[in-house]
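Inspection log for the structure reproduced underneath, given as structure tokens.
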Amino acid sequence: MMRTTRKIAVAIAATALLGATGGTTAQAASVAAVGTAPSACRPANHLAKISNASSSAGHRHYRVTLTAPRGYDPCRLAGSPTDVRFSNHGSESGITAGRYGSRRTAVTFGPGHPVHFDIQVPNNNCGVPADEASFTLRAPDGEIPGTSVADGKLRVAAGTLVGPVRSGA
């Protein structure tokens, strides 16, 4: 009898909880579909590397590639990173980057699904050396908390722009 009473109390509590939160079968299914591993989008859970890319008329380009090791859940990124800053041997360059391109296209990022974005620098024979870029990634519904950091040699100048995140390395 005590066991039956407990089962009924648990069922009533679960029903009340679902009713209070507007729970439905669809919501319960979406919660169950969420992975248990940490998100690859969190800054501490991915690696970022800067490399040279092909130049275009009037610009130097660098590619920032993000990869996530095994053990992290995939996530969605969209648009260009924000708050992009550059430094050289720990000293801020004073250069901040603007953004270009679509902010609506979302891409999947996680283990086995690298992503990249472009750093476009005016090729005006000016610029300062940098060995690090810091930035905030964006999800389709807003910014991802924290600052990501990419390492690699580049030169930046006033007018530097950052493109949207795209699939692939």
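LYS49 versus ASP73, label points 7 Å from Cα toward the beta carbon: distance in nm?
My value for the distance between the label points is 2.8 nm.
Could you calculate the contour length gain from SER167 to GLU92, that is, 0.36 nm times the residue separation minus the distance between their Cα atoms, to one decimal place in nm?
24.1 nm
In the stretch 38-169, if the dipole is taken from +1 on Lys/Arg beta carbons and -1 on Asp/Glu beta carbons about the Cα centre, which of HIS89, ALA169, ASN45 is farthest to the positive end?
ALA169
Evaluate the distance, in nm, between pseudo-label points positioned 7 Å from the Cα of VAL128 and of THR36 along their respective Cα→Cβ axes.
4.8 nm
Using unit Cβ charges (K, R positive; D, E negative) and no other charged atoms, how large, in debye to the nearest 20, is the dipole of the stretch 72-164 about its Cα centre?
So the dipole magnitude of the stretch 72-164 works out to roughly 300 debye.
Residues with amide H under 5 Å of ASN88's amide H, sequence separation 5 or more or different chain, H placed in the peptide plane at 1.01 Å from N; which?
For ASN88, whose amide H was placed from the backbone, the distant partners under 5 Å are SER93, ASP131.
Using amide H atoms built 1.01 Å from N in the peptide plane, name the residues 5+ places from SER80, or on other chains, whose amide H lies under 5 Å from its own.
Here the answer is VAL165, since their amide H atoms fall under 5 Å of that of SER80.
Every number here is computed from the coordinates shown, using simple stated rules; none is lab data. Nothing here was measured: the structure is a model prediction, and the numbers come from that model. Because the Cβ atoms are built from the backbone with ideal geometry, glycine has one as well, and the counts that use them run over all protein chains shown.
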